[in-house]
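**Q** Take a look at the following structure, please.
The values are calculated or read from the model by the stated rules, or taken from the named source; none is laboratory data. Because the structure is a prediction, the values reported are computed rather than measured. We place every Cβ from the backbone using ideal geometry, glycine too, and count neighbours over all the protein chains shown. When the accessible area is computed, the model is the full protein with side chains, heavy atoms only, and any ligands, DNA or RNA have been set aside. Shrake-Rupley method; radii C 1.70, N 1.55, O 1.52, S 1.80 Å.
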Amino acid sequence: MPEEIQNLSQLLQKLESLTASDERITLGRVLKALGERSFAPVLLLIGLILLSPLSGIPGLPTMMGILLLLVSIQMVMLRHHLWLPKWLLARSIPKKPLIRSLHWFAKPAAHLDHWLRPRLGVMVYQAGSVATAGICIPIALLLPVMEVIPFSASLAGLALITFGLALVARDGALELIAFVLTGAALALIPYYFF
């Protein structure tokens, strides 16, 4: 059983260990490395992908929206194990852009991990994680639209990283910041279209 991830640096190390062999990394391999009960690390991973240069791959934000929707619904249902369809688990990305993205995040991750600590527990345990999942559902549904709005998918990615880190590190103060970032990401959509 994989060791529980408690900060961003540990997640990046796990992902980097996957790049040692194949030229393409499947989502199934990533989830196996993170563990079946890895809802929070998966939120964090989706956010990292949306914030990283990988988000420039056409269709990737929409794919992340589908993944986020499936994860969020299962969190709301209080499932204990993450289930994803085989076709989604078989999706892969090339190793080189993944390695570049991991190195791009390494220094900020170490700095950010220094500030994380358990606090405001009510925000990150059961009711808090259900509220987080409830907020992630509209983000997931809007990610295909955000793919065409400059910087909105990146802002959504930043919100998801913050939600994921808050749940992983049990940091309720960070959870409050994530709610503000989510509001900012969602506010960009009507501003852009109207």
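**Q** Criterion first (of a type in the set (S, T, N, Q), farther than 18 Å from residue 31 by Cα, in a helix (DSSP H, G or I) and open to solvent by 30 Å² or more (accessible area, probe 1.4 Å)) does residue 129 satisfy it? It would help to see each step written out before you state the result.
**A** Numbers: of a type in the set (S, T, N, Q): yes; farther than 18 Å from residue 31 by Cα: yes; in a helix (DSSP H, G or I): yes; open to solvent by 30 Å² or more (accessible area, probe 1.4 Å): no.
Against the criterion (of a type in the set (S, T, N, Q), farther than 18 Å from residue 31 by Cα, in a helix (DSSP H, G or I) and open to solvent by 30 Å² or more (accessible area, probe 1.4 Å)), residue 129 does not qualify.
**Q** Additional query: Would you check if residue 87 is within 15 Å of residue 70 (Cβ to Cβ), surrounded by fewer than 18 Cβ atoms within 10 Å (Cβ to Cβ) and more than 16 Å from the chain's Cα centre (by Cα)?
**A** yes
**Q** Right, another one. Out of curiosity, is residue 119 open to solvent by 50 Å² or more (accessible area, probe 1.4 Å), charged (D, E, K, R) and more than 25 Å from residue 172 (Cα to Cα)?
**A** no
**Q** What are the residue pairs meeting all of these: first residue in region 103-115, first residue open to solvent by 100 Å² or more (accessible area, probe 1.4 Å), second residue not charged (D, E, K, R), Cβ atoms under 8 Å, and 6 or more apart or on different chains?
**A** Qualifying pairs under 8 Å: 104/52; 104/53.
**Q** Here is a further query. Pick out, from region 1-57, the helices (runs of 4 or more DSSP H) lying fully within it that include 1 or more residues that are under 23 Å from residue 75 (Cα atoms) and open to solvent by less than 10 Å² (accessible area, probe 1.4 Å). Don't jump to the end; show me each part of the working.
**A** Values: elements: 8-18, 27-34, 39-51.
Answer list for region 1-57: 8-18, 39-51.
**Q** Can you tell me which residue among 137, 161 is part of a helix (DSSP H, G or I), under 22 Å from residue 31 (Cβ atoms), touching a residue at least 40 places away in the same chain (Cβ under 8 Å) and open to solvent by 30 Å² or more (accessible area, probe 1.4 Å)? Talk me through it step by step, then tell me what you get.
**A** Working: 161 fails: open to solvent by 30 Å² or more (accessible area, probe 1.4 Å).
Just one listed residue meets the conditions, 137.
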